[in-house]
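Please treat every number below as a calculation from the coordinates, not as lab data. This one's a predicted model, so the numbers in the text were calculated from it and none came from an experiment. So basically every Cβ, Gly included, is an ideal-geometry build from the backbone, and we count neighbours across all protein chains shown.
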Amino acid sequence: MKGNRVYADNAATTRPFPEAILAAKAALEDYYNPSAIYENAGRARRILSSSRALIAELVGAEEDEIFFTSGGSESNNLALFGAAAALPPEKRHIVAGEIEHSSILEPLKRLEKEGFRVTLLKPDARGGYDPEEILRALPEDTGIFTLMTAQNEVGTVEPVEEIGPALRERGIFFHTDAVQSVGHLETGVKKSGVSSLSASAHKFGGIKGAGFLFLRRGTPFLPPFSGGGQEKGLRPGTENVPGIAAMAAALSRAEKTRESEEKRLWEYQKRLDKAILSLPGARKTGEGERRLPGLLSYYFEGIDSEALVHALDLFGVDAAAGAACRGGKREENPVLRALGLSGGGALRLSLGWDTGEEDIRLLEEKIPRAVRLLRET
Ligand SMILES: *Cc1c(COP(=O)(O)O)cnc(C)c1O
């Protein structure tokens, strides 16, 4: 709840954890430039190093494999441009999932203009991929493969861990956009074998403008930015110390409560499914079981997505039809199109750590009311 409204758009951004706000406030007091050499600057430097150590431990990485960025979009751009620039000429072929976030698909369009070959793989009707099929589909000259860990609009969890080790063996740079999964599903970069992974603090109870890129030690990489030597020259620029401190505190809290949260949100999801799927013309999109906890995605025949989101807004519910980054653009939803759905409306409800009983009760009541209203008009 937020005031007397229900907030059900946690896939767009989450409420910061109290721990994250406290950590950011403390870091704002130690406002020194972490690169300065006087003793006080050491305080800011220590915040960075302890945050890096904590994040590395929580995702199963080494400290020197964590690079701070401004968030998910930057991490994705950095990974793709940095890895592409380091590809040998015979491997300039990049393969990606078709329903990736725009901060993957748009950089790929640029790389294609620059002469790289780009191939997008079609997902199945769940918005997922069969691991064996991916491995078979990747051509010999594949230099980079990129697949999100969990899909941000339909919640499907992709088979990153299943294909990671094989891709590593074949010498393919494997990037995963894990912005939706970090802090919500277990993250283990050692086990998954990925070359790089993107995360964004504001999607797991941190604050906006902070994220990180995991980049495996020894991976060929030519950073696209230049400037000061921060982040070992990989991502120059004075670090966002308060945002980074908040990110470490948020990830720590998210990991501590992850399993109990998964169970709690799963129960809520069952209740909402029951209330919504009994409506005529309603169906669920994405995967049934292998999905992000708390991300629910529905499709209603003959209803306009935007009209539904507006009706819910009037009823006191903040929800989305799809990714916020496409918000405002009135065009066909490319994710739904990829899943073979058209002529209807999508609704994404994404629950979070501050979603409670009362929110669910209100959603159970208001969503059917909004859908019925639209069917009558
Ligand atoms: C939100 C999101 C991003 C972008 O992260 P920002 O930190 O907002 O730039 C990238 N990928 C996915 C899957 C997301 O959900």
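The table for this structure:
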quantity	calculated
Largest-first principal axis extents of the Cα set of the range 1-126 (Å)	49, 49, 26
For the range 34-58 and the range 354-369, distance of Cα centres in Å	42
Distance from the range 271-327 to the range 210-250 (C-alpha centre basis), Å	36
Gyration tensor (alpha-carbon) shape descriptor, the chain, a/c threshold 1.5	oblate
Antiparallel DSSP beta bridges within the range 18-253, as percent of all bridges there, nearest 5	40
Relative contact order (%) - criterion: Cα under 8 Å, at least six apart; region: the chain	25
Within the chain: Cβ-based charge dipole about Cα centre, in debye rounded to nearest 20 (Lys, Arg +1; Asp, Glu -1)	340
